[in-house]
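If you scroll down you'll find the structure; I have some questions about it.
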Amino acid sequence: MPVSFSSRWQIHNDASYRTLGWGPASSQYLYRPGIRFFIKPTFSITAGTAFFFTRTSFNKENDEFGYEFRTWQELLKKFEGKHGTEFQLRFRSEQRFFRPTEVNPESRTAHRFRLRGSVSKKFNEKWSLQLSEEYFRQDNNGEFEFDQNRIIVTGIHHLNQDSQLQLGYMWLRWPNTSQHIISIGYQKKLKLYGNKHQGG
């Protein structure tokens, strides 16, 4: 839920509940707030924090969740194409702080870098489609190594100018395995100034 206070300042809000498989059993909870500044309507910088509670294994019998705190910084550039097409390039840096768990009994830190490119196509006032890829590398205990890669396809239904429903598929590749993830999302934009719509 991005909340715009002016044409240049916006609060970023991102909350998620991730399940373990198709059932309701939780895998992760997160909340990621931030402050965004628009240098231009198509170019913004953002800084924020994040709070993650993640199950320490994929075993449903394991009820332990690990706590992670993050600070993050982001550059986002949009490029308008023809016929309802938009391109985005996003770079995000994350500083990750993990509390001890039974699986990892010592606290640890990591610095992760994320680069995402995406293209979206708006077919009409109600429907659009987005294809994106995001690549992750992480400095973990002095080793700067591959962390993960995401390929995402998202269908978007625009309920009105300020809200939308999203249904997506993600293929996530880790160093030694991969996952298939289905996502359902809702976005509502709030504008607390003027009469014109300003989205993030």
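Go through the stretch 15-53 and count every residue that is within 17 Å of THR71 (Cβ to Cβ) and among the hydroxyl-bearing types (Ser, Thr, Tyr).
Count: 3.
Now, a different point. State whether the residues of the stretch 100-108 include one that is under 19 Å from the mean Cα position of the chain (by Cα), on the phi < 0 side of the Ramachandran plot and of a type outside the set (Lys, Arg).
No: zero hits.
Does the stretch 182-190 contain at least one residue that is part of a strand (DSSP E or B) and β-branched (Val, Ile, Thr)? Can you show your working first?
Of the stretch 182-190, the ones part of a strand (DSSP E or B) are 182-188, 190.
Cutting the leftovers down to β-branched (Val, Ile, Thr) gives us 182, 184.
Yes, the stretch 182-190 contains at least one residue that is part of a strand (DSSP E or B) and β-branched (Val, Ile, Thr).
Which of (1) touching a residue at least 12 places away in the same chain (Cβ under 8 Å); (2) surrounded by 12 or more Cβ atoms within 10 Å (Cβ to Cβ) is the odd one out, the single condition ILE182 does not satisfy?
ILE182 satisfies all of (1) touching a residue at least 12 places away in the same chain (Cβ under 8 Å); (2) surrounded by 12 or more Cβ atoms within 10 Å (Cβ to Cβ) except (2).
Just checking: which of the strands (runs of 3 or more DSSP E) contained wholly in the stretch 1-91 hold 3 or more residues that are basic (Lys, Arg), surrounded by 13 or more Cβ atoms within 10 Å (Cβ to Cβ) and at pLDDT 95 or above? Even if it seems obvious, please write down each step before you answer.
On the way: elements: 9-12, 15-19, 26-31, 34-40, 43-55, 65-80.
The qualifying strands (runs of 3 or more DSSP E) are 65-80.
Return only the number of the condition from (1) under 21 Å from ALA15 (Cα atoms); (2) out of contact with any Leu (no Cβ under 6 Å at 6 or more places or on another chain) that PHE52 does not satisfy.
(2)
The values are calculated or read from the model by the stated rules, or taken from the named source; none is laboratory data. Only a predicted model underlies this, so the values are computations on that prediction, with no experimental measurement involved. Neighbour counts run over all protein chains shown; Cβ positions are idealised from the backbone, glycine included.
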